[in-house]
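Remarks on the structure that follows.
The values are calculated or read from the model by the stated rules, or taken from the named source; none is laboratory data. Just so it is clear, the model here is predicted, and its values are computed rather than measured. All Cβ positions, even for glycine, are placed from backbone atoms using ideal geometry, and neighbour counts span all protein chains on display. Note: accessible area is taken over every heavy atom of the protein model, side chains too, but ligands, DNA and RNA are not part of it. Shrake-Rupley method; radii C 1.70, N 1.55, O 1.52, S 1.80 Å.
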Amino acid sequence: MPRKKSPTVSGASPIVSSAHLVSPDSAEMSEFEFGLIVAGNAFHRWIIHCMAAAGLKDLTPLDVLVLHHVTHRARDKRLADICFIMNIEDTHLVNYALKKLQGLGVVISRKNGKDVTYAATDVGRQHVQRYREIRENCLIDALKADDGLNRDIGELARLLRVLSGMYDQAARAAASL
């Protein structure tokens with residue numbers, strides 16, 4: 001007996017990257033995951049190009065995100081804290097990004113008791129400030145045309161936080177199988 005397709009909100013066939021994973025109970029989740037893949041890749045491409053325009057070329061998306069986090073609130077950060085906030089389990093990836101950023105002179109490390117902390121240098125903060133200016137001109141200005149879009153983005157951010165918790169719980173469940 002053929003399975004009944006789960007229609008999307010619009011009633012159209014779901015747009016997915018892995019049809020074999022579409023559940024009759026939630027085609028919407030498969031659509032969301034495909035949207036997340038496409039949006040994630042677009043976001044990564046954007047932050048790489050924005051940072052290159054700000055003067056730092058040849059960075060990976062993780063390098064850019066680590067630099068932003070290290071710059072956040074002008075407080076020194078430990079490797080473990082950076083990984084925790086960014087929800088990254090593999091500390092080696094973040095450590096590699098930090099070493100690369102140190103080599104570029106945009107991040108500095110300091111010994112603080114037993115801990116090593118990281119902070120943005122003046123040069124790093126200048127690149128991040130230029131990134132912000134480019135972001136305002138290329139991305140944020142586009143939002144001014146639609147007030148409702150900002151509200152939708154706020155709701156989407158809330159839903160992403162909820163879904164990240166669901167994915168984390170599902171990962172723990174899968175790891176125990």
Estimated translational D of segment 85-177 in µm²/s (Stokes, Kirkwood radius over Cα pairs; 20 °C; 1.002 mPa s) = 126
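Using only alpha-carbon positions, what ratio does the radius of gyration of segment 14-69 give when scaled by 2.2 N^0.38 Å? Mind dumping the intermediate values first?
Values: Rg = 15.5 Å, N = 56, 2.2 N^0.38 = 10.2 Å.
Against the compact-globule rule of thumb, the ratio is 1.53.
I'd like the FRET efficiency for Arg45 and Ala170, computed as 1/(1 + (r/R0)^6) with the beta carbon distance as r and R0 of 45 Å, rounded to 0.05.
Details: r = 28 Å, r/R0 = 0.61.
It comes out at approximately 0.95.
Accessible area of segment 92-177 with a 1.4 Å probe: how many percent of it is carbon plus sulfur?
Numbers: 3480 of 6140 Å².
For segment 92-177, the apolar C and S fraction of the accessible surface comes to 57 percent.
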Mind checking the angle between helix 27-53 and the chain's longest principal axis? C-alpha axes, 0 to 90 degrees, to the nearest 10.
-> 30
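How about segment 30-81: which trypsin sites (Lys or Arg not before Pro) there lie in a loop by DSSP and see at most 12 other Cβ atoms within 10 Å?
Passing both the DSSP loop test and the Cβ count: Lys57, Arg75.
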Spin-label point model (7 Å from Cα, Cβ direction): what's the Asp90 to Val123 distance in nm?
-> 2.8
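For segment 95-160, state which trypsin sites (Lys or Arg not before Pro) are in a DSSP loop and have at most 11 other beta carbons lying within 10 Å of their beta carbon. Before the final figure, lay out each step's value.
Values: sites: Lys99, Lys100, Arg110, Lys111, Lys114, Arg125, Arg130, Arg132, Arg135, Lys144, Arg151, Arg158; in loops: Lys114, Lys144.
Within segment 95-160, the qualifying trypsin sites (Lys or Arg not before Pro) (loop, at most 11 other Cβ atoms within 10 Å) are Lys114, Lys144.
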Taking a probe of 1.4 angstrom, what is the accessible area of Asp122 in Å², to the nearest 10?
-> 100
Shape box of segment 19-177 [Cα atoms, principal axes, largest first, Å] | 53, 47, 25
Hits in segment 52-91: amide N under 13 Å from the 7 Å Cα→Cβ extension of Ile134, namely 52-61, 64-65
Among the aspartates and glutamates, which have Cα under 15 Å from the Cα of Lys114 when same-chain residues fewer than 8 positions away are ignored?
-> Asp76, Asp81
Specify the angular offset, from 0 to 90 degrees and rounded to the nearest 10, of the alpha carbon long axis of helix 122-135 from the longest principal axis of the alpha carbons in the chain.
-> 40
Taking the chain as the reference, fit the longest principal axis to its C-alpha atoms, fit the long axis of helix 147-175 to the helix C-alpha atoms, and give the angle between the two in degrees, 0 to 90, nearest 10.
-> 90
Over segment 48-97, average the accessible area per residue using a 1.4 Å probe and give it in Å², no decimals.
-> 59
